[in-house]
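Enquirer: Please read through the structure below; I'll follow up with questions.
Quick note: the coordinates plus some simple rules give every number you see, no bench work behind them. This one's a predicted model, so the numbers in the text were calculated from it and none came from an experiment. Here the Cβ is made from the backbone with ideal geometry for all residues, glycine too, and neighbour counts use every protein chain on show.
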Amino acid sequence: MSQTKSEGAMLRTPDFGDISFSGNHVFTFSEGLHGFEHLRKFILIAEEATEPFKWLISIENPAIGFALINPGHIDQNYTIGEPLGENVVPMVIVALVNDALGTTTNMKAPILFDCSAMTGQQILLSGSNYSHTHQLARQQDGAGVVQTTSIRRLYTSQFGVLDVASDNILTFSEGLLGFEKLREFVLISIDETEPMKWLVSIEEPSIGFPLLSPWIIDADYDLRNSYDPSTQAAFVVVTLVNPQGKMSANMKAPVLISGDHTGKQIILNSDKYSPTYEINRSKSA
Amino acid sequence: MLVLSRKSGEVINIGNNIRITIISSDRGIVRVGIDAPKDIPVHRKEVYDKIIEMNKSAAKTNAADLRNAIGNTFAQKTEE
């Protein structure tokens, strides 16, 4: 009984009942999936009723299952931009968004399954034209016009599932310093961390920057020549300096968000402002 | 990397609208004047490095840790 490593095991799932599987059917994701970095072991199952979809079920948390489909079913010319290795199969994640929009697939972040090494990896096709929300089944309204607003569903470990309307997506054409590849963000707030906001990456939802109004920290903060208060909002990025709760704010490089849903991080020339301005002291024990 | 020797007062042009003037050089410290269009940010490299470092350390902030840190920092300053 103690040596059951490669023998059968049982997974108790809320959606599919009990699934028995053997160790050599387990795919290892050394980096998890975007937003689920802590989940490393999955099995891939198929149900007759939902073919050609497959289901990727987490062994560590069997309540988590992703519907997948081979992108070739949707776009015969789908490519990840480089040849696939032997025994490597791409799959994309399917999300049932809502009744109006139907079902979307994340064509931009496919999962590559290596069926000989039994490993999986979710990659991001950064230069491609593929969408995170490719519509599988479009529903049209009475006039035959496809709705233009779409929803992007983000799975985040910190904030749960976020359904982001495309209207709320902020485009940072140059990214943030050190994160130049991330171009799309959403600004959210949660009660427990008010008055801070969170700038969460759409492309990599595990990345979220805490932001704060600079004027909460320094009522005289001066952005005079760099920003237009009638069309822009300004924030500074907050860093947790140590586990004792000391925080600093980057007053030197504020993030500006404009009414047209674009954003950028700028660097102020003034030497007056520090990238590591201390907001508070460590809590005394 | 292109390496050029310049004397004090001499100039290097980059493209049509960026001008680097060597102002002085004294005991290892070179003073440089830079004329560039407003939309081209010019900063010391250390500034970029520091901002990248701060962004990276902020990027994966844990919400629960942040909540604890916020504690009474902003709202309830009356609390002990």
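Enquirer: Which entries of A:108/B:56; A:272/B:60; A:41/B:56; A:246/B:60; A:108/A:181 show an alpha-carbon separation above 21 angstrom in the structure shown?
Expert: Distance filter (> 21 Å) returns A:108/B:56; A:272/B:60; A:41/B:56.
Enquirer: Here's a follow-up. Using each residue's phi in the stretch B:47-55, evaluate 6.51 cos²θ - 1.76 cosθ + 1.60 at θ = phi - 60° and report the 3J(HN,Hα) Karplus result to the nearest Hz, with x for Gly and Pro.
Expert: Couplings: 5, 4, 4, 5, 5, 4, 4, 5, 4 Hz.
Enquirer: Per residue of the stretch A:62-72, what does 6.51 cos²θ - 1.76 cosθ + 1.60 with θ = phi - 60° give for ³J(HN,Hα)? Whole Hz please, x for Gly and Pro, Karplus curve as stated.
Expert: Per residue, the Karplus-derived 3J(HN,Hα) values read x, 6, 9, x, 10, 7, 10, 8, 5, x, x Hz.
Enquirer: For the ranges A:236-247, A:77-88, what's the packing order if you count other beta-carbon atoms within 10 Å of each residue, average per peptide, and put the highest first?
Expert: With the highest mean Cβ count within 10 Å placed first, the list reads A:236-247, A:77-88.
Enquirer: Return the average number of partner chain Cβ atoms within 10 angstrom of each residue Cβ along peptide B:44-54.
Expert: Whole-number average of other-chain Cβ neighbours for B:44-54 is 6.
Enquirer: Sticking with this one: Would you calculate, for chain A, the mean residue ellipticity at 222 nm contributed by helices, counting each DSSP H stretch of 4 or more residues as -39,500 (n - 2.57) and dividing by all residues, to the nearest 500?
Expert: Helices in chain A give a 222 nm mean residue ellipticity of 0 deg cm²/dmol.
Enquirer: Suppose R0 equals 30 Å; then what is the FRET efficiency for residue A:262 and residue A:194 from their Cβ-Cβ distance, rounded to the nearest 0.05?
Expert: My answer for the efficiency is 0.75.
Enquirer: Non-local amide H neighbours of residue A:262 (under 5 Å, H modeled in plane, Pro and chain starts lacking H): which ones?
Expert: So residue A:262 has HN proximity to A:171.
Enquirer: A further question on this structure: Residue by residue through A:153-162, how many Cβ atoms from other chains fall within 10 Å of the Cβ on average?
Expert: Mean partner-chain Cβ count within 10 Å for A:153-162: 1.
Enquirer: Let me have the relative contact order for chain A, percent, based on Cα pairs under 8 Å that are six or more residues apart.
Expert: 10
Enquirer: Could you give me the ³J(HN,Hα) list for the stretch A:33-47, computed from phi with Karplus coefficients 6.51, -1.76, 1.60 and θ = phi - 60°, whole Hz, x at Gly and Pro?
Expert: Computed from phi, the couplings for the stretch A:33-47 are 10, 3, x, 10, 5, 7, 8, 10, 10, 9, 10, 10, 10, 10, 10 Hz.
Enquirer: Taking H as built 1.01 Å from N, whose amide H comes closer than 5 Å to the amide H of residue A:153, not counting residues under 5 places away?
Expert: Answer set, sorted by chain and number: A:164.
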